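Novice: Have a look at this one.
Just so it is clear, none of the values below were taken in a lab; they were calculated from the coordinates. As the structure is a prediction and not an experimental result, all values here were calculated from the model. Cβ placement follows ideal geometry from the backbone for every residue including glycine, while neighbour counts extend to all protein chains displayed.
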Amino acid sequence: MASAIYELSVTNIQGEQVSLADYQGKVILVVNTASKCGFTPQYQELEQLYKKYHSQGLEILGFPCNQFGAQEKGNNEEISSFCELNFGVTFPLFEKIEVNGDNAAPLYRHLKTEAKGLLGSEAIKWNFTKFLINKQGQVLKRYAPTTKPLELEKTIADLL
């Protein structure tokens, strides 16, 4: 049975619809990002993982979000330029979304239901919360913003 995640679509940072079914059979790391956050340097480690493991089936999907300390004020073009110029980001970025509240993106509603955070809370607490999804589309784990991307390397390599 196909995972519910593959029934969802998202809009990339260029404004094009992307079906998550395009990522079937891949290991996916979904991250809500921000350009003006203390965790923003994590873009560098995310890109390292992407370059090292993309050819083996890793996808990293970055979703800019302005819900935490208004740390992502830019429009899609500004966000894309910032990530490319400052961190050489080549992994897919998507349009700015909300991850909590009534306007939370359907993808994040699904992720939060499948992998609850601290004390069973569904709410995303801050930028750079990470969700790891296996090749079958199952949400395996939610990682806190303080978890550096390279700390996930062994787990990702084992899933590939």
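Novice: When you check R109 against the structure, is it of a type in the set (K, R), crowded, with 20+ Cβ neighbours inside 10 Å and either in contact with a His (Cβ under 6 Å, 6 or more places away or on another chain) or closer than 24 Å to Y23 by Cα (or both), yes or no?
Specialist: In short, no.
Novice: Going by the structure shown, is G62 under 15 Å from T147 (Cβ atoms) and either surrounded by fewer than 19 Cβ atoms within 10 Å (Cβ to Cβ) or among the small types (G, A, S) (or both)?
Specialist: When the stated conditions are applied, G62 does not pass them.
Novice: How many residues are part of a loop (DSSP other than H, G, I, E, B), free of Cβ contacts under 8 Å to residues at least 40 places away in the same chain and touching a Leu at 6+ places or on another chain (Cβ under 9 Å) if we restrict to the stretch 130-155?
Specialist: Total meeting the criteria: 1.
Novice: Now, a different point. If P64 meets every condition in (1) over 18 Å from D158 (Cα atoms); (2) out of contact with any Lys or Arg (no Cβ under 8 Å at 6 or more places or on another chain) apart from one, which number is that one?
Specialist: The failed condition is (2).
Novice: While we're here: Considering every residue within the stretch 35-56, establish whether at least one is within 20 Å of G101 (Cβ to Cβ) and either touching a residue at least 60 places away in the same chain (Cβ under 8 Å) or in contact with a helix residue (DSSP H, G or I) (Cβ under 7 Å, 6 or more places away or on another chain) (or both). Quick ask: steps written out before the conclusion?
Specialist: First, pick out the residues of the stretch 35-56 that are within 20 Å of G101 (Cβ to Cβ): 37.
Narrowing further to those that are either touching a residue at least 60 places away in the same chain (Cβ under 8 Å) or in contact with a helix residue (DSSP H, G or I) (Cβ under 7 Å, 6 or more places away or on another chain) (or both): 37.
Within the stretch 35-56, one or more residues are within 20 Å of G101 (Cβ to Cβ) and either touching a residue at least 60 places away in the same chain (Cβ under 8 Å) or in contact with a helix residue (DSSP H, G or I) (Cβ under 7 Å, 6 or more places away or on another chain) (or both).
To keep it simple, each residue is scored yes or no on (1) over 14 Å from E47 (Cβ atoms); (2) in contact with a Lys or Arg (Cβ under 7 Å, 6 or more places away or on another chain); (3) surrounded by fewer than 21 Cβ atoms within 10 Å (Cβ to Cβ).
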residue: F82; (1), (2), (3): no, no, yes
residue: G88; (1), (2), (3): no, no, yes
residue: E98; (1), (2), (3): yes, no, yes
residue: G101; (1), (2), (3): yes, no, yes
residue: A104; (1), (2), (3): yes, no, yes
residue: I133; (1), (2), (3): yes, no, no
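Novice: Step by step: first the residues of the stretch 12-24, then only those that are surrounded by fewer than 16 Cβ atoms within 10 Å (Cβ to Cβ) and in contact (Cβ under 8 Å) with a residue 24 or more places away in the chain, then the one that is farthest from Q56 (Cα to Cα). Which residue is that?
Specialist: G15
Novice: Would you be able to say whether some residue in the stretch 123-135 is of a type in the set (F, W, Y) and within 14 Å of S35 (Cα to Cα)?
Specialist: Yes, the conditions are met somewhere in the stretch 123-135.
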